[in-house]
Amino acid sequence: MFDWLIVGAGFAGSVLAERLASQRNERVMIIDRRPHIGGNAYDHLDAAGLLIHRYGPHIFHTNAQQVADYLSRFTSWRPYEHRVLAEVKRPGSGETLRVPIPINLDTINRLYGLSLTEAEVEAWMAARAEPVAEIRTSEDVVVGKVGRELYELFFRGYTRKQWALDPSELDRSVTARVPTRTNRDDRYFTDSFQAMPAEGYTKMFERMLAHPNITIRTGVDYRAIRDQVPHRKLIWTGPVDEYFGFRFGKLPYRSLRFEHQTLDQEWHQPVGTVNYPAEDVPYTRTSEYKHLTGQVHPRTSITTEYPSAEGDPYYPIPRPENQVLYKRYEALADATQDVWFVGRLATYRYYNMDQIVGQALATFQRIAAGVPRASAV
Ligand code: FAD
Ligand code: UDP
């Protein structure tokens, strides 16, 4: 008899397995239908011996010291600050060039052949910004800050490809993930802690789950073993609508197809990721892992992301009608005794890894404090 059956061995499931086993001495079985642990953060050596991320580039960054401290028990870190260039066509000439994204002082100066200062670029942006009465959508966020031309160049095409929706149909929180800057800071994130697990994510997960109270089974679906594994309580980190048999209809998720390649050259691009916002290019971005990992190798491995409606659910789609449907599932979840719903798919939240770790640690605190299930998330 297991105290807990945990469905999904990504961040949400693994953090809870580790906490329940080590802090409460409970017996845990953690399963995943994929043939490995780590969820979307899974990394492995490819045929060339280069460490790659099977489900796209995962860069760890957080402002939550508690989350960094917790994970530091299972890994050492390689300091890494992510930088991204966007490949766009210069307004007017149509010449292709790569400039920093998030948009910053250098982006504007290089794109328009200017030499503005910080104070000047602020006024330059303000003069182009469109007045928006209420910032509601992902279009409002950007046009309200930098105007329509830069919005169309950097955000409209990328977003339409990534989500198959116009930014005007998406909640503001989506493009608000990418700030606008007037200084020369060209880092993608400004969090206080930015680093990659020194030996990769999978090694970190292996250490988290290496506890005698934890049994791991990969390559098994919950449906196949639910009746064969006696357990008292369940933690579900898969899609919430799947748990309830899609009773109210399918919750929309967006997927990606990843094209992994190893090239016979030492480097492919100058930074970790190059974004391709143009709508006529079918992919959104290409990432080169050696920038992230610091690996020294005569060859290099890259991953290109092609947005897709089909495939594994990777992104909840933040827009009001989806939130309404999620709320119906959430009410069901709250009324389901002895099942805890945790993680990006189970709580239908566009969360980064650190936020999922934070959510799982908070859930553990509630379990430990004996808080009734209904107020869990
Ligand atoms: P998951 O990692 O999805 O784990 C859930 C697991 O449950 C899966 O492995 C799944 O196979 C399993 N499962 C589901 N249903 C069943 C079932 N019925 N039976 C058995 N197993 C089941 N975050 C960052 O902080 N930085 C980044 O740079 C970053 N980049 C990203 C890039 C991409 C392309 C994507 C898609 C996400 C990125 N993220 C990033 C977000 C990050 O992946 C998530 O925040 C995190 O992995 C979510 O963890 P989770 O445990 O909630 O879900
Ligand atoms: N985005 C964009 N152009 C860019 C980068 C981002 O339009 O060059 C928008 C797009 O809608 C994207 C969102 O901002 O989905 C969030 O970007 P982020 O890089 O955080 O996406 P993730 O890494 O989560 O896929």
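Taking the range 319-354, which residues are touching a strand residue (DSSP E or B) at 6+ places or on another chain (Cβ under 6 Å) and either outside the structural domain of A41 (by TED's automatic domain parsing) or away from ligand 1 (no atom under 16 Å from the Cβ) (or both)?
If the condition is that a residue be touching a strand residue (DSSP E or B) at 6+ places or on another chain (Cβ under 6 Å) and either outside the structural domain of A41 (by TED's automatic domain parsing) or away from ligand 1 (no atom under 16 Å from the Cβ) (or both), then R319, D338 are the ones that fit.
How many residues are closer than 15 Å to W236 by Cα and either not hydroxyl-bearing (S, T, Y) or not in a helix (DSSP H, G or I) (or both) if we restrict to the range 362-372?
Kept after step one, since they are closer than 15 Å to W236 by Cα, are these residues of the range 362-372: 363-364, 367.
With either not hydroxyl-bearing (S, T, Y) or not in a helix (DSSP H, G or I) (or both) added as a condition, the list becomes 364, 367.
Qualifying residue count for the region: 2.
Among the residues of the range 36-58, is there at least one that is within 16 Å of ligand 2 (Cβ to nearest atom) and among the aromatic types (F, W, Y)?
So far as the range 36-58 goes, yes, one or more of its residues are within 16 Å of ligand 2 (Cβ to nearest atom) and among the aromatic types (F, W, Y).
For a quick check of your reading of the model, give me the residue pairs whose first member lies in the range 340-361 and is among the hydroxyl-bearing types (S, T, Y), whose second is assigned to a strand (DSSP E or B) and more than 16 Å from ligand 2 (Cβ to nearest atom), with beta-carbon atoms closer than 7 Å and at least 6 apart or on different chains.
What qualifies is T347/F341.
If I ask for residues that are modelled with pLDDT under 95 and hydroxyl-bearing (S, T, Y), which ones from the range 337-377 would you list?
S375
Can you spot a residue in the range 69-80 that is surrounded by fewer than 16 Cβ atoms within 10 Å (Cβ to Cβ), free of Cβ contacts under 8 Å to residues at least 12 places away in the same chain, assigned by TED's automatic domain parsing to the domain that holds L16 and part of a helix (DSSP H, G or I)?
yes
Just the residues that are in a loop (DSSP other than H, G, I, E, B) and exposed (fewer than 15 other Cβ atoms within 10 Å of the Cβ), please, taken from the range 313-349.
Of everything in the range 313-349, those that are in a loop (DSSP other than H, G, I, E, B) and exposed (fewer than 15 other Cβ atoms within 10 Å of the Cβ) turn out to be A335, Q337, D338.
For the range 161-179: of the residues being surrounded by fewer than 18 Cβ atoms within 10 Å (Cβ to Cβ) and among the polar types (S, T, N, Q), which is farthest from ligand 2 (Cβ to nearest atom)?
Here the answer is S168.
Considering the range 9-53 alone, what residues qualify as being in a loop (DSSP other than H, G, I, E, B), in contact with a Leu (Cβ under 8 Å, 6 or more places away or on another chain) and small (G, A, S)? Steps first, answer last, please.
Here is the first cut: in the range 9-53, the residues in a loop (DSSP other than H, G, I, E, B) are 9-10, 25-27, 33-38, 42, 46-50.
Filter once more, so that each one left must be in contact with a Leu (Cβ under 8 Å, 6 or more places away or on another chain): 9, 26, 37.
A9, the sole residue that qualifies.
Just checking, how many residues over the range 256-307 are part of a strand (DSSP E or B), in contact with a Lys or Arg (Cβ under 7 Å, 6 or more places away or on another chain) and more than 13 Å from ligand 2 (Cβ to nearest atom)?
Counting residues in the range 256-307 that are part of a strand (DSSP E or B), in contact with a Lys or Arg (Cβ under 7 Å, 6 or more places away or on another chain) and more than 13 Å from ligand 2 (Cβ to nearest atom) gives 3.
Select from the range 106-160 the residues that are surrounded by 14 or more Cβ atoms within 10 Å (Cβ to Cβ), away from ligand 2 (no atom under 16 Å from the Cβ) and outside any helix (DSSP H, G or I) and list them in ascending order.
Matches in the range 106-160: L116, A129, E130, V132.
Hey, does the range 71-92 have a residue that's within 16 Å of ligand 2 (Cβ to nearest atom), within 16 Å of Y289 (Cβ to Cβ), at pLDDT 95 or above and hydroxyl-bearing (S, T, Y)?
Yes.
Checking the condition in contact with a Phe, Trp or Tyr (Cβ under 9 Å, 6 or more places away or on another chain) and outside the structural domain of Q355 (by TED's automatic domain parsing), which residue from E152, E120, E169, E134 passes?
E169
Please go through the range 22-75 and pick out each residue that is under 19 Å from V220 (Cβ atoms), hydroxyl-bearing (S, T, Y) and over 19 Å from the mean Cα position of the chain (by Cα).
Across the range 22-75, there are no qualifying residues.
What residue, of V296, V271, V240, is buried (at least 20 other Cβ atoms within 10 Å of the Cβ) and among the hydrophobic types (A, V, I, L, M, F, W, C)?
After applying the criteria, what remains is V240.
Among the residues of the range 284-304, are any at pLDDT below 95 and more than 16 Å from ligand 1 (Cβ to nearest atom)? Walk me through it before giving the result.
Restricting attention to the range 284-304, the residues satisfying the condition of being at pLDDT below 95 are none.
Looking for residues that are at pLDDT below 95 and more than 16 Å from ligand 1 (Cβ to nearest atom), one finds none in the range 284-304, hence no.
The values are calculated or read from the model by the stated rules, or taken from the named source; none is laboratory data. Just so we're clear, the structure is a prediction, and the values are computed from it rather than from any experiment. Methodologically, a virtual Cβ is constructed for each residue, glycine included, from the backbone with ideal geometry; neighbour enumeration extends over all protein chains shown.
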